[in-house]
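Enquirer: Got a structure here, written out as structure tokens. Questions coming.
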Amino acid sequence: MTEPIDHDSPWKEALDQFLRPFLELTFPGIAVLIDWTEQPTSLEQEFRALVPDAVSGPLRTDKLVEVRLLDGSGQWLLIHFEVQMQRDADLPRRLYDYQHRIRQRHPVPLVTLAILGDPSRTWRPDTYRVEFAGCHVEFKYLVCKLLDFEDQLDLPIHRHNRAIFVIAAHLATQRHRQDPKGLYDLRLELTVRLFGAGYTEDEIWKLLRLMDWLMPLPDELMVPAVRKVFWKTPGHRSSMCLRPDLARYPSPCGNAFMPSTMSRC
């Protein structure tokens, strides 16, 4: 049996580290409302207190973030994200329930954003509605389908958006879940392109950490991948030699990727 891939931590970390790129890519209409000179605040503990029954794991992740609106009002905006990795008929009701609980505690503007990472192109629920005896409640939320970004890595509009690499990693794993060699080829391609994208070293290694979660490879494929990336990205060899997370892999510039090998990189 194939082990479940842990999508929980990478998506939370991706939203923590790259919130603005993610919103600009997936929900641009929300991104333009935000004053990005104010640091967003993650309300992880507040959300857990409000929704203690929320289940977080490989197939579902929730996150609550507070941002400042750009309209000059000084008003704060709450954003509730749910990243959902499989079809779930209960999703609309659950999002309505969470929105209601959050609003009871925080009487400020609130938007609910669903990021759907499942392989179905047609499953795109965006409404919860319940009706009885002439009374009804309807709640609409915004949806982004990750499949819509398939093969969009090369589009000029996404060229400088760091979030596209995270989405591309997710889609590659989804496509090659049962094909380690195919996943290896795509991971190698994505990694080399990431090193050449013009990002800072810090951004590159944050994105590579996310790719480690989203595109897991067995050691017998990871070792040649590390070596190929080393030789294909000469401008980044020194930083690779300093990475403690690469220390367990044999290095082309020494016995392992350790600081002592720096002079040979």
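Enquirer: Here's a check for you: in segment 102-125, which residue that is touching a residue at least 60 places away in the same chain (Cβ under 8 Å) and outside any loop (DSSP other than H, G, I, E, B) is nearest to Val67 (Cα to Cα)?
Expert: Val111
Enquirer: Among the residues of segment 82-139, how many are of a type in the set (Val, Ile, Thr) and crowded, with 16+ Cβ neighbours inside 10 Å?
Expert: 5
Enquirer: Here is a follow-up. Here is a check on your reading of the model: is Leu50 out of contact with any helix residue (DSSP H, G or I) (no Cβ under 8 Å at 6 or more places or on another chain) and either modelled with pLDDT of 90 or more or surrounded by 13 or more Cβ atoms within 10 Å (Cβ to Cβ) (or both)?
Expert: For Leu50, the condition - out of contact with any helix residue (DSSP H, G or I) (no Cβ under 8 Å at 6 or more places or on another chain) and either modelled with pLDDT of 90 or more or surrounded by 13 or more Cβ atoms within 10 Å (Cβ to Cβ) (or both) - is not met.
Enquirer: In segment 11-67, which residues are free of Cβ contacts under 8 Å to residues at least 24 places away in the same chain and closer than 18 Å to Asp97 by Cβ?
Expert: Across segment 11-67, the qualifying residues are Arg48, Ala49, Pro52, Asp53, Val55.
Enquirer: Okay, next question. Taking the criterion of being in contact with a helix residue (DSSP H, G or I) (Cβ under 7 Å, 6 or more places away or on another chain), surrounded by fewer than 18 Cβ atoms within 10 Å (Cβ to Cβ), of a type outside the set (Asp, Glu) and at pLDDT below 80, would at least one residue in segment 34-41 satisfy it?
Expert: For segment 34-41, residues in contact with a helix residue (DSSP H, G or I) (Cβ under 7 Å, 6 or more places away or on another chain), surrounded by fewer than 18 Cβ atoms within 10 Å (Cβ to Cβ), of a type outside the set (Asp, Glu) and at pLDDT below 80: absent.
Here's the yes/no breakdown for (1) assigned to a helix (DSSP H, G or I); (2) among the polar types (S, T, N, Q); (3) modelled with pLDDT under 85:
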| residue | (1), (2), (3) |
| --- | --- |
| His170 | yes, no, no |
| Thr173 | yes, yes, no |
| Glu203 | yes, no, no |
| Trp231 | yes, no, yes |
| Tyr249 | no, no, yes |
| Ser263 | yes, yes, yes |
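Enquirer: Between a first residue in segment 69-96 that is in contact (Cβ under 8 Å) with a residue 40 or more places away in the chain and under 23 Å from Trp36 (Cβ atoms) and a second residue that is surrounded by 17 or more Cβ atoms within 10 Å (Cβ to Cβ) and of a type in the set (S, T, N, Q), which pairs have beta carbons less than 7 Å apart while being 6 or more apart in sequence or on different chains?
Expert: Listed pairs, sorted by first residue: Val83/Thr61.
Enquirer: While we're here: Suppose we filter segment 190-199 for residues that are in a helix (DSSP H, G or I) and surrounded by fewer than 18 Cβ atoms within 10 Å (Cβ to Cβ); how many remain?
Expert: The qualifying residues number 2.
Enquirer: So Tyr128 ticks every box in (1) touching a residue at least 40 places away in the same chain (Cβ under 8 Å); (2) touching a Pro at 6+ places or on another chain (Cβ under 8 Å) but one. Which box is left unticked?
Expert: For Tyr128, the exception is condition (1).
Enquirer: Which of (1) farther than 29 Å from Ala169 by Cβ; (2) in contact with a Gly (Cβ under 6 Å, 6 or more places away or on another chain); (3) not polar (S, T, N, Q) is the odd one out, the single condition Met85 does not satisfy?
Expert: In the conditions (1) farther than 29 Å from Ala169 by Cβ; (2) in contact with a Gly (Cβ under 6 Å, 6 or more places away or on another chain); (3) not polar (S, T, N, Q), Met85 misses (1) alone.
Residue-wise test of (1) surrounded by fewer than 17 Cβ atoms within 10 Å (Cβ to Cβ); (2) more than 14 Å from the chain's Cα centre (by Cα); (3) closer than 21 Å to Ile115 by Cα.
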| residue | (1), (2), (3) |
| --- | --- |
| Tyr141 | no, yes, yes |
| Cys144 | no, no, yes |
| Phe149 | no, no, yes |
| Ile167 | no, no, yes |
| Asp185 | yes, yes, no |
| Leu188 | no, yes, no |
| Glu201 | yes, yes, no |
| Arg209 | yes, no, yes |
| Leu214 | no, no, yes |
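The values are calculated or read from the model by the stated rules, or taken from the named source; none is laboratory data. Source: prediction; values computed, not measured. All Cβ positions, even for glycine, are placed from backbone atoms using ideal geometry, and neighbour counts span all protein chains on display.
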